[in-house]
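The values are calculated or read from the model by the stated rules, or taken from the named source; none is laboratory data. Computed from a predicted model, the values in this text were never measured in an experiment. Note that we place each Cβ from the backbone using ideal geometry, even for glycine, and neighbour counts take in every protein chain shown.
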């Protein structure tokens with residue numbers, strides 16, 4: 001991990017916001033995740049943000065996203081799902097962002113955001129969190145048992161990798177949600193689980209490839 005990456009990333013975010021503030025058709029730039037909650041932004045954080053555009057400008061802005069190279073050499077860049085951009089600068093700054101119209105924000109789950117820049121006179125939209133509903137304890141228990149059973153069937157068939165996914169991925173994820181309750185990350189119970197679940201429990205739930213039977217026993221108990 002490169003040293004000074006936190007400061008470099010935040011400075012790059014300022015540069016990106018300024019870049020898009022000067023682009024025709026851009027309405028606002030908003031930060032999300034740790035980019036919005038800077039107290040938890042660290043050396044391992046990426047820049048999670050959205051560029052809000054006028055409908056007629058979106059396609060052009062996506063086509064010209066490589067113009068960000070003027071802010072720093074780019075090692076990798078791709079557009080996925082039509083309007084999501086994954087960009088890695090050569091100095092280690094990682095960006096995961098979207099170029100969307102304001103009405104699209106309500107179509108996908110997201111945490112709370114914070115405007116970094118917005119056009120004067122634009123009627124700003126609400127950036128409050130829109131998170132997926134949490135499952136009840138009973139739903140999580142039933143899901144865990146279902147994935148556990150499917151995983152054991154895969155294991156019986158000799159599909160160790162598929163069993164790993166069902167048992168140590170899906171079923172274990174349900175158990176982690178149960179253990180963390182309302183403190184679990186709503187998008188992934190694996191996120192920051194080390195802060196809320198004991199190391200012993202994590203090691204029993206996630207012993208690794210080839211040990212899904214042991215994981216299943218820990219989950220069932």
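Just one residue in the set 197, 150, 85 is assigned by TED's automatic domain parsing to the domain that holds residue 59 and surrounded by 15 or more Cβ atoms within 10 Å (Cβ to Cβ); that residue is 85.
Residue-by-condition table, conditions (1) crowded, with 19+ Cβ neighbours inside 10 Å; (2) touching a strand residue (DSSP E or B) at 6+ places or on another chain (Cβ under 8 Å):
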site: 116; (1), (2): yes, yes
site: 120; (1), (2): no, no
site: 129; (1), (2): no, yes
site: 135; (1), (2): no, no
site: 140; (1), (2): yes, no
site: 155; (1), (2): no, no
site: 170; (1), (2): no, no
site: 185; (1), (2): no, no
site: 188; (1), (2): no, no
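In the range 1-22 there is no residue that is surrounded by 15 or more Cβ atoms within 10 Å (Cβ to Cβ), touching a helix residue (DSSP H, G or I) at 6+ places or on another chain (Cβ under 9 Å) and part of a loop (DSSP other than H, G, I, E, B).
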